[in-house]
1. ILE159 versus (1) under 22 Å from LYS20 (Cα atoms); (2) over 19 Å from the mean Cα position of the chain (by Cα); (3) crowded, with 16+ Cβ neighbours inside 10 Å: which is the lone unmet condition?
2. Tell me which residues, restricted to the stretch 60-91, are closer than 28 Å to GLY17 by Cβ and crowded, with 18+ Cβ neighbours inside 10 Å.
3. If I ask for residues that are surrounded by 15 or more Cβ atoms within 10 Å (Cβ to Cβ) and in contact with a helix residue (DSSP H, G or I) (Cβ under 7 Å, 6 or more places away or on another chain), which ones from the stretch 36-58 would you list?
4. Of everything in the stretch 87-96 that's under 14 Å from the mean Cα position of the chain (by Cα) and not in a helix (DSSP H, G or I), which residue is farthest from TYR153 (Cα to Cα)?
5. For the stretch 97-151, what are the residues that are among the small types (Gly, Ala, Ser), part of a helix (DSSP H, G or I) and closer than 18 Å to TYR52 by Cα?
6. Quick one: in the stretch 44-68, of everything that is of a type in the set (A, V, I, L, M, F, W, C) and part of a strand (DSSP E or B), which residue is nearest to ILE173 (Cα to Cα)?
7. With GLU5, GLU69, GLU51 as the choices, which residue is over 22 Å from MET164 (Cα atoms) and of a type in the set (D, E, K, R)?
Amino acid sequence: MPKREESLNKYLVQRFGNKKHKKPKYIDFLNSKYHRQIMDIYVMLGGLLREYPTAYRGFDIQCANFIVELDEERHFNRYRNMTLNSELYLNFTKFDVLNYKKYCVEKEARCLKAATLGNNWENESTKKQFGNSDLKGVLGSNGSSRWKQRAFYDYLRDISSYIMNVPIIRISIWEKLENASIDSLIKTNQFDEISTLILERKTS
């Protein structure tokens, strides 16, 4: 677990309790009203398989009655921006979609710095799902298959919230509360404002 996620997880679990939530399986997505949307997004990202992949790792922070996804540098790029154009995000309230789209453009260089080396760019699984990547650090016609996979799995997690009937709230390290970013608040162990934001999004 990354250090920032670990710090936030410790605080939230102590305050709100912990529960391991069971993520949906492929059949659950297939039988949902979101199946067609999911397939469209998968194909748009360059997906190659007849059945879109659903084996995402799980969830970042699992509290008793909700889940929190802490989106760090690697989550903001052109591929995540593509998924955010899905009709799923019309009137979406579990994170600020417009801000996320802005971060995908403005912070892509930070994603490139954080997610170019090793399996952050591609691996055998992502090549099967999305094809070959460009050379590391080159965002050409192929780009990064791992980036595409991460963007797709973030999209699936957002849909999972509806299938599971469990609020999944996203917060970004780039978001600012008052005059401090969530990134700096976590690093200085100031969690009260973050907790308030999470509860607001949970009930929205």
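1. The failed condition is (2).
2. ASP60, ILE61, GLN62, CYS63, PHE66, ILE67, VAL68, GLU69, LEU70, ASP71, GLU72, HIS75
3. GLN37, ILE38, ILE41, TYR42, MET44, LEU45, GLY46, GLY47, TYR52, PRO53, THR54, TYR56
4. The residue in question is ASP96.
5. Within the stretch 97-151, SER125, SER145, ALA151 qualify.
6. VAL68
7. Being over 22 Å from MET164 (Cα atoms) and of a type in the set (D, E, K, R) holds for just one of GLU5, GLU69, GLU51, which is GLU5.
A quick yes/no check of all residues on (1) of a type outside the set (Lys, Arg); (2) within 27 Å of LEU30 (Cβ to Cβ); (3) in contact with a strand residue (DSSP E or B) (Cβ under 7 Å, 6 or more places away or on another chain); (4) touching a residue at least 12 places away in the same chain (Cβ under 8 Å):
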| position | (1), (2), (3), (4) |
| --- | --- |
| CYS104 | yes, no, no, yes |
| LEU112 | yes, no, no, yes |
| THR116 | yes, no, no, yes |
| ASN123 | yes, yes, no, yes |
| SER141 | yes, no, no, no |
| LYS148 | no, yes, no, yes |
| ILE159 | yes, yes, no, yes |
| VAL166 | yes, yes, yes, yes |
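Rule-based calculations on the coordinates, nothing more; no lab input. Just so you know, these numbers come straight off a predicted model, no measurement behind them. All Cβ positions, glycine included, derive from the backbone under ideal geometry; neighbour counts span all protein chains shown.
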